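First up is the structure itself, then whatever we jot down about it.
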Amino acid sequence: MRRVAITGLGSVSALGIGVPAFWDSLIAARSGVRWLTLIQSPTASTRIAAEVQGFEPQRWMSEDKQSLMDRFAQFAVAAASEAIGDAGLDFNQDQSYRAGVSIGTGSGGAGAEDDAYLRLYRDGATRLHPFTIPRLMYNSATAHVGMMFGLRGPSLCYSTACASGTHAIGEAAEIIRSGRADVMVAGGADAPISEGVVKAWEAMRVLAPSPPAGPAGACRPFSRDRRGIVLGEGAGIVVLEEWEHARARGAHIHAELAGYGATADAGHITQPGVESPARAITLALAQARLMPDAVGYVNAHGTATPLNDETETTILKRVFGAHASKLAISSTKSMHGHAMGASGALELVATVLAIERSTLPPTANYTEPDPACDLDYVPNHARDQAVDAAISNSFAFGGLNAVLAVRRVG
């Protein structure tokens, strides 16, 4: 079976624009959760979010291109530009048919959709902007990245809630393994911080309140006093490349995407299961030909809801047995927030860098142990620790599970 190399990394997040800013904030345990500025709703009780700040789309695209894109697609183009530049790829006419795009999103053009409905229902507009559909369609990010770089291979969009980016990357790897493409630009992008989406999340009663000390400490995965998720936004993009293709051109390989597992609970629409997520991890390890005790780090789904974190702890114990107590586990959502369909892609970037740089990002805002979450969550401070293999988990509403296994280049 063809091996898959990760040769490019790109990110846009509340931790900054670009991978260096993202990584520097992670290892400093610096939160990107701040007071909400993107919406000023008189009815919203939520006042915090992990917003992307200082994003200037003109750095990556012309004004006429910007007008065709919602914020989430602009994020995807920016992150893809960084990842492709990092990979050092230049797609000529012959190569373009062997290179594709696979980008996941949970909300698509939520901002564009919100704006259109406000004009229609609040303002009484009889016509909407002619670019409304191109802006709000879920495959917009995939299409614009493909057009910008001339990628004519398989180009797909996945929407599986907060597993979207992870599924998009995993399925892109399968396309390379099957021989349908040599290069895939893959990841996730989301910009869900609109009035309608925020109000919908409020109705579920899973959003964390701002603690007295301020927004930065609001997201507390695995900590006993965790209160819920913090909405985020951004994009994570990786360049996946067939191993020998990458080696032939002398590319720097960050890590190997060695395994992928995907399952469904076929149970509750919002409550996570145990058996199917555990099987997704087992499938990823089997494809990677990794024994459980070879894994040193887990980038957890870790949403900071009471049920999710306890369940994920149980899942890890189910798969890893006694080795679970030796795993280093962290939730980087504590810093970049829950960026929905982009989360799994951002977390894969963090996992790759953790392996490559022998430094494990922490779980920020960890204040007190929870008896139901009794593993090593790398609390509050990055850890210098070499690991040869790691996994990144995404367990989404709908009971849709995706796991990526990453191995050090050696």
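Read the figures in this text as sums done on the coordinates, not as results from a lab. It should be emphasised that the depicted structure is a prediction, and the values quoted were computed from it without experimental measurement. Positions of Cβ are backbone-derived with ideal geometry, glycine not excepted, and every protein chain shown enters the neighbour counts.
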Inset, instruction - Post the alpha-carbon centroid distance, the range 150-171 to the range 117-141, in whole angstrom. - result: 24
Inset, instruction - Towards the positive end of the charge dipole of the range 4-248, with charges on Cβ (+1 Lys, Arg; -1 Asp, Glu), say which of 95, 125, 216 has the farthest Cα. - result: 216
Inset, instruction - Sticking to Cα atoms, compute the Rg of the range 54-121 to one decimal and its Dmax as the biggest Cα-Cα distance, whole number, in Å. - result: 15.0, 49
Inset, instruction - Enumerate the calculated ³J(HN,Hα) couplings along the range 156-173 in order (Karplus 6.51 cos²θ - 1.76 cosθ + 1.60, θ = phi - 60°), each rounded to whole Hz, writing x wherever the residue is Gly or Pro. - result: 9, 10, 10, 10, 10, 6, 7, 9, 4, x, 5, 4, 4, 6, x, 5, 4, 4
Legend entry - Isotropically averaged projected area of the range 4-248, using the convex hull of Cα atoms (one quarter of hull area), nm²: 14.7
Inset, instruction - Let me have the 222 nm mean residue ellipticity of the chain computed from DSSP H runs of 4+ only, each contributing -39500 (n - 2.57), with the sum over all residues rounded to the nearest 500. - result: -9500 deg cm²/dmol
Legend entry - Given charges at beta-carbon only (K, R positive; D, E negative), |dipole| of the range 4-248 in Debye: 800
Inset, instruction - Would you mind calculating the relative contact order of the range 4-248 from Cα pairs under 8 angstrom and at least 6 residues apart, reporting the percent as a whole number? - result: 31
Inset, instruction - Excluding residue 341 itself, calculate the net charge of residues whose Cβ lies under 14 Å from the Cβ of residue 341, where each Lys or Arg counts +1 and each Asp or Glu counts -1. - result: -3
Inset, instruction - Please state, to two decimals, what the Cα-based radius of gyration of the range 169-211 comes to when divided by 2.2 N^0.38 Å (N = residues). - result: 1.95
Legend entry - Cut-off 12 Å between beta-carbons: net charge of the residues surrounding residue 273, Lys and Arg +1, Asp and Glu -1: -1
Inset, instruction - Could you tell me, in Å, what Rg and Dmax come out for the Cα atoms of the range 257-407? - result: 13.8, 39
Legend entry - Assigned charges on the beta-carbon of Lys, Arg, Asp, Glu; the range 257-407 dipole about Cα centre (debye): 380
Legend entry - Neighbour net charge for residue 153 - beta-carbon separation under 10 angstrom, K R +1, D E -1: +2
Inset, instruction - Answer rounded, prolate or oblate for the range 4-80, using the Cα gyration tensor with square roots of eigenvalues a ≥ b ≥ c: rounded when a/c is under 1.5, else prolate when a/b is larger than b/c, else oblate. - result: oblate
Legend entry - Cα-only radius of gyration and Dmax that characterise the chain, units Å: 19.8, 63
Inset, instruction - Quick one: dipole size for the chain, taken about the Cα centre, charges +1 on Lys/Arg Cβ and -1 on Asp/Glu Cβ, in debye to the nearest 20. - result: 180
